[in-house]
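First comes the structure, then the notes that go with it.
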Amino acid sequence: MKYLLSAALGAALLAGCATHHGQIVQQAQFKVDGGKTISLPMVRGGALPAENEDYKIEVAGYIASLKPGDAGQSEIRQSFSFFVKKSPTLESVRIEQVDPADGRLQLVLQDDAPVLKSQSWIGKTNPVAATREASPWLYSSGNSTFLFKFTIKAKDSPAVVLYQPSFFNKATKDAYMRALRVPASS
């Protein structure tokens, strides 16, 4: 039986403002689009949500279904969502992961028939094994920070690009590793 654990990178890590719980907002530097550098707001607990007058990122992170003691049967997938502040008809949503070294883009998710539910779009990738080979970042020491490029195209409007950092902390990685270990015999 698999146990569902969430990285809780959704509302907990993406919600906030400059004074959210008294945390200081710092500008983190990221290379994007072939090497251009941008600054995005981060607090100690993670990233603040990217937003503009039309959209607000709600989730950009990982969720897992872990089978204790069996990384090969455990799965990790990326999960994304954004809130639509107006009522456009969406034509497409493209999400790419930005390589931290040089800003190169890797396609993560392409939705050419996006559907809104309660003004939100939700997308998930296919699962990958929670093994060292398939998910090496999970086995790395320390925190892991990812950057995703959301390209949202609404009918009769130019495409909108939002960059969203995603923070996966060491404590959560450690909890996943504990769950993946073979349980002790009684």
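The values are calculated or read from the model by the stated rules, or taken from the named source; none is laboratory data. Owing to the predicted nature of the structure, the values given are computational and were not obtained by experimental measurement. Every residue, glycine among them, receives a Cβ derived from its backbone with ideal geometry; neighbour counts consider all protein chains shown. Calculation scope for accessible area: heavy atoms of the full protein, side chains included, ligands and nucleic acids excluded. Shrake-Rupley method; radii C 1.70, N 1.55, O 1.52, S 1.80 Å.
Annotations
- With a Cα cut-off of under 24 Å and a minimum spacing of 8 residues unless on different chains, the lysine pairs in segment 51-132 number 9.
- When only alpha carbons are used to place a centre, segment 53-99 and segment 112-186 end up 6 Å from one another.
- Three-way shape call for segment 131-186 based on the alpha-carbon gyration tensor, with the a/c threshold at 1.5: prolate
- Under 18 Å of direct C-alpha separation, and excluding same-chain neighbours fewer than eight residues apart, Lys173 reaches these aspartates and glutamates: Asp70, Glu75, Glu133.
- Helical contribution to [θ] at 222 nm, DSSP H n ≥ 4, -39,500 (n - 2.57), averaged over the chain, rounded to 500: -2500 deg cm²/dmol
- For Glu91, the solvent-accessible surface computed with a 1.4 Å probe is close to 80 Å², ligands and nucleic acids excluded.
- Using a probe of 1.4 Å, the accessible surface attributed to Lys67 totals some 80 Å² when neighbouring protein chains are kept in position.
- Sparsely packed loop sites in segment 129-186 (the trypsin sites (Lys or Arg not before Pro) outside DSSP H, G, I, E and B with at most 14 other Cβ atoms within 10 Å) comprise Arg132, Lys155, Arg181.
- The chain: translational diffusion in µm²/s, Stokes-Einstein, Kirkwood Rh over Cα pairs, 25 °C, 0.890 mPa s: 141
- Angle between the chain longest axis and helix 170-180 axis [Cα atoms, degrees, rounded to 10]: 50
- Loop-located trypsin sites (Lys or Arg not before Pro) across segment 18-75 with a Cβ neighbour count of 15 or fewer within 10 Å are Arg44, with loop assigned by DSSP.
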